[in-house]
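These notes concern the structure reproduced below.
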Amino acid sequence: MPIIIISSDSYKTGREIGEKTAKATGYDYVDREILGPVAEKSNVQEEKLIKALDEAPSFLGLSSKLRNKYLAYIQEATLGQLLEDNVVCHGLAAHLYVLGVSHALKVRVLSDPEELASQLSSEAGGSAEKVKKLLKRQDAQRKRWSLEAFDLDETDPSNYDMVINLSQIDPDEAVKTIADMTAYRKFQPMTYSVKCLRDKELASRVRMVLMERFSDVRVQADGSTIVVETKAIKREKQKRTEAIKELAGGIAGVGYVEVHVANDIFRQAAESSR
Amino acid sequence: MAIITISRGSYSKGKEVAEKVAERLGYECISREVLLDASDRFQIPEVKLIRAIHDSPSILDRFNHGKQIFIAYIRSALTCRVAKDKVVYHGLAGHILLTGVPHVLKVRIIADMANRIQAEMQREGISQDQALTLLERDDQERRKWTKNIYGVDPWDSSLYDIVVHIHKLTVSDAVDFICQAATKEQFTTTESYQRKMEDFALACQVKAALVDPFFDVGVTCEYGNVLIYTKASNHQINKLEKMAKRIEKEIEGINNLEVHAGVPVPKNAI
């Protein structure tokens, strides 16, 4: 059966639609509850994982290196859950990294701006004008966050199969539409699409392990073959290749490891100027 | 019964979706007809109107307000058609030109760039690069136009009720979604909605009649009572009042018409 990925401009709205869709389809619902075990396993505070999902790196907040590391933990756990099938997933940014998996139905739900404004106004207080500005700022922040973290604009409708605006459309009608879509042939798991998801899951597991030592690694998987891309200075290339092969080779499901090390020109220049 | 606007990029199959929706619901499907109506009624060549709603305004346009004048003409023609109800409009800027009408189902159809390029290559007999350049330029012009004139980005999903991506979803799926949504209560034309639509169309007609030379007037209409808001000077107000009196006789459906000067223009004014 398909997997359903819900994205929204408001966490509360997305959760409401996600839960209702899970109920209507009889699927499991996966949300930020999985972050507790992830935090425990990776020895990170759960709040920091939530911060990595919500905020762009800043001077006073998380660094991009840490943010990427935390997102890798979340990605690995989420993809593991999605492999189980019959899942509705929300709040874990899966719409930004489950790409090319044809049985993933991606829907973005936009809240009624007036409802969102009154919700924010009651939470944070302030005039309607102030709330409007706040919402605008939040939208811009989310856009920046998604571009920095995954190089994709999460507000771009072409990243979804459908966008539903709840200003005029009732949430229950939206849920019914999403649930009905799961019966469409194009969203049924095929051998190839399941393989794509498995490859992504394996790549995310390998990346998570490698990121502990090499923060810039990019990993792709094809069956049990892993391709790792990284950067190093000339004299470290051999050492790094061996280290990656050793680390990745010990992970369950990995058969062959191919490592491509590009020249790190900035570090090389810094080293030679010393 | 509803009014449906379908916004689309070139080669995104929006036209096909619109035609099929109209066929299934038994609605009228319009696009170019609106321009022909406007061209006929206001004696403007169609090509000028097309440019007005396609190309972004030049620096000169911003001074002579040419585009605003043409847009008022097109809006007037569109609202006259749409006021008859049961309409699918898939021309440019429907969702913007009909802002304020409550029972309009606003849909955007998007398609993958690769498929659009393929379609353009086949139709025009051009290379992939040329097709990509043309499509990007076309998209850019449409975005610039809407941003310059209405201050919104047409790619912003919040302007629409539904955005359907034709890729995994087919034209037939999109037609199903739209037809289902159109039958919902919130998009059904009630007596009150019809009244509002007729008032809106009347206000657009009055604006179109005044826009040259009074491009900055605001017009509202409620139950056939038309209010014209202006910031014009005393000398111009006399001219405007004379014009307004003439319009009152010429346009059908006006109960009363008043000119208000020196008061703020309401946000819902056209």
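A few notes on this one:
- Using only side-chain charges placed at the Cβ, +1 for Lys and Arg and -1 for Asp and Glu, the dipole size of the stretch A:163-274 relative to its Cα centre rounds to 600 debye.
- For residue B:230, the shell of other residues with beta-carbons less than 14 Å away shows a net charge of +1, using +1 for Lys and Arg and -1 for Asp and Glu.
- Average partner coverage of A:99-108, which counts Cβ from other chains inside 10 Å: 1
- Computed [θ] at 222 nm, deg cm²/dmol, chain A (DSSP H ≥ 4; -39,500 (n - 2.57); rounded to nearest 500): -16500 deg cm²/dmol
- Whether the stretch B:3-187 is rounded, prolate or oblate, judged on the alpha carbon gyration tensor where a/c under 1.5 counts as rounded: oblate
- Placing +1 on each Lys and Arg Cβ and -1 on each Asp and Glu Cβ, with no other charges, gives the stretch B:68-152 a dipole about its Cα centre of roughly 520 debye.
- Inter-chain Cβ neighbour count for B:174-182, averaged per residue, equals 2 (cutoff 10 Å, partner chain atoms only).
- Sparsely packed loop sites in the stretch A:45-111 (the GluC sites (Glu not before Pro) outside DSSP H, G, I, E and B with at most 16 other Cβ atoms within 10 Å) comprise A:55, A:84.
- Cα gyration tensor shape of the stretch B:100-190, rounded if a/c is under 1.5, else prolate or oblate by comparing a/b with b/c: oblate
- Take each residue in B:146-159, count the other chain C-beta atoms within 10 Å of its C-beta, and the mean is 2.
- Relative contact order [Cα under 8 Å, 6+ residues apart], the stretch B:89-247, whole percent: 22
- Counted charge near residue B:76, where neighbours are those whose Cβ lies closer than 11 Å (Asp, Glu -1; Lys, Arg +1): +3
- Candidate cross-link partners of residue A:234 among the lysines, defined by an alpha-carbon separation under 18 Å and a same-chain spacing of 8 or more, comprise A:245.
- Whole-Hz ³J(HN,Hα) from phi, Karplus 6.51 cos²θ - 1.76 cosθ + 1.60, for the stretch B:158-171, glycine and proline x: 5, 7, 10, 7, 9, 10, 10, 9, 7, 7, 7, 7, 9, 4
- Legend: distances between Cα atoms for B:207/B:249; B:15/B:106; A:48/A:132; pairs beyond 19 Å are A:48/A:132.
- If you run the Gaussian network model on chain B, springs between alpha carbon atoms under 10 Å, then out of B:224, B:100, B:125 the most flexible one is B:125.
- Within the listed set B:238, B:225, B:148, the Gaussian network model of chain B (springs between alpha-carbon atoms below 10 Å) gives the highest mean-square fluctuation for B:238.
- Gain on full stretching of the segment that runs from residue A:140 to residue A:246 - 0.36 nm per residue minus C-alpha separation: 34.0 nm
- Selection from A:163, A:178, A:190 lying farthest towards where the dipole of the stretch A:156-199 points positive, charges on Cβ: A:190
- Compared with the dominant principal axis of the Cα atoms in chain B, helix B:191-210 is inclined by about 70°.
- Between the stretch A:116-154 and the stretch A:243-274, the alpha-carbon center distance in angstrom: 39
- Ignoring lysines fewer than eight residues from residue A:136 along the same chain, the ones with Cα atoms less than 17 angstrom from its Cα are B:147.
- Residue A:257 long-range amide H proximity, modeled H, under 5 Å: A:226
- Between residue A:64 and residue B:223, the modelled labels are 6.2 nm apart [label points 7 Å from Cα along Cα→Cβ].
- Over chain B: helical MRE at 222 nm, DSSP H runs n ≥ 4 each giving -39500 (n - 2.57), nearest 500: -17000 deg cm²/dmol
- In this Cβ point-charge picture (+1 for Lys and Arg, -1 for Asp and Glu), the stretch A:3-187 has a dipole of about 540 debye about its Cα centre.
- Three-way shape label, the protein assembly as shown, alpha-carbon gyration tensor, a/c 1.5: prolate
- Residue among B:102, B:21, B:223 farthest towards the positive dipole end of chain B, charges placed on Cβ: B:223
- Length-normalised contact order of chain A in % [C-alpha pairs under 8 Å, at least 6 apart]: 22
- Tilt relative to chain A, helix A:128-150 - C-alpha long axis, 0 to 90 degrees, to 10: 30
- Extension gain, residue B:28-residue B:212: 0.36 nm per intervening residue step, less the Cα-Cα distance, totals 63.2 nm.
- Principal-axis tilt of helix B:128-150 within chain B, Cα atoms, nearest 10 degrees: 20
- Max mean-square fluctuation residue, GNM over chain A, Cα-Cα springs under 10 Å, options A:213, A:235, A:185: A:235
- The calculated FRET efficiency for the pair residue A:130 and residue A:172, based on their C-beta separation and a Förster distance of 41 Å, comes to about 0.80.
Any read-out appearing in this document is the output of simple, stated calculations on the displayed coordinates, not a laboratory observation. These numbers come from a predicted model, not from an experiment. Note that we place each Cβ from the backbone using ideal geometry, even for glycine, and neighbour counts take in every protein chain shown.
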